[in-house]
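Have a look at the structure below before the remarks.
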Amino acid sequence: MLIHKQITAVAATKLTAGQGVSMKMLLSPDESPNFAMRNFVIEAGGSMPLHTNTIEHEQYVLSGRARVVLGDQTIEAGPGDILLIPAGLPHSYETLGDEAYSFLCLVPKAEDRIEILTGH
């Protein structure tokens, strides 16, 4: 099956976890045999709380900058950076500067259970 879309034609969904976070499902698990492709945007001043996922994430940063906690490490991520977040690794995002942080996120086609880690 061939799929061709424009990212601007895909509707964004606001996420309840975090502040100023939205997601576009670019390629859903129903459309792609092995992976789903998503575009997350965290608005300037926004954040995503510390959480874990039961599946790995491959990410490519499109724009903006963020402080990203990856387990016991904290990095500053920006355009062109590539991140591999293993399944089960606690991670969070906090934007830096006055530009939205936007990244592509590819995940394997499998059930993903998300756990928000409270008190962190």
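What follows is calculated from the coordinates using simple rules that are stated; it is not laboratory data. It should be emphasised that the depicted structure is a prediction, and the values quoted were computed from it without experimental measurement. Quick reminder, even Gly has a Cβ in these numbers, built from the backbone with ideal geometry, and neighbours come from all protein chains shown.
How high is the relative contact order of segment 43-120? Use alpha-carbon pairs under 8 Å, at least six apart in sequence, and give a whole percent.
Result for segment 43-120 is 47 percent.
In what sequence do His91, His51 fall when counting other Cβ within 10 Å, fewest first?
His51, His91
Among Gln6, Ile85, Ala100, whose Cα projects farthest towards the positive end of the dipole of the chain, with charges put on the beta-carbon of Lys, Arg (+1) and Asp, Glu (-1)?
Gln6
Enumerate by residue number the trypsin sites (Lys or Arg not before Pro) in segment 1-45 meeting two conditions: DSSP loop (anything except H, G, I, E, B), and at most 12 other Cβ atoms within 10 Å of the site's Cβ.
Of the trypsin sites (Lys or Arg not before Pro), the ones in loops of segment 1-45 whose Cβ has at most 12 other Cβ atoms within 10 Å are Lys5.
Normalised radius of gyration for the chain, please: alpha carbon Rg relative to 2.2 N^0.38 Å, two decimal places.
1.02
What residues from segment 39-67 fall in the zone where the backbone N is under 13 Å from a label point 7 Å along the Cα-to-C-beta line of Leu84?
Backbone N within reach: 56-59.
Once you list every other residue whose beta carbon is under 13 Å from the beta carbon of Gly45, what net charge do they have if Lys and Arg are +1 and Asp and Glu are -1?
-2
Write out the GluC sites (Glu not before Pro) in segment 34-73 meeting two conditions: DSSP loop, and at most 16 other Cβ atoms within 10 Å of their Cβ.
Glu56
Taking the chain as a Gaussian network, Cα atoms linked when under 10 Å apart, which of Ser32, Ser22, Ser63 shows the biggest mean-square fluctuation?
It is Ser32.
For Tyr60 and Glu31, what does the FRET efficiency come to when R0 = 22 Å and r is the distance between their Cβ atoms, rounded to the nearest 0.05?
0.70
Among Tyr93, Tyr101, which comes first, second and so on when ranked by fewest other beta-carbon atoms within 10 Å?
With the fewest neighbours first, Tyr93, Tyr101 line up as Tyr93, Tyr101.
Calculate the dipole size of the chain relative to its Cα centre from +1 charges on Lys and Arg beta carbons and -1 charges on Asp and Glu beta carbons; express the result in debye to the nearest 20.
260
Work out how much length Leu117 to Asp98 would gain on full extension: take 0.36 nm times their residue separation and subtract the Cα-Cα distance, in nm to one decimal.
4.2 nm
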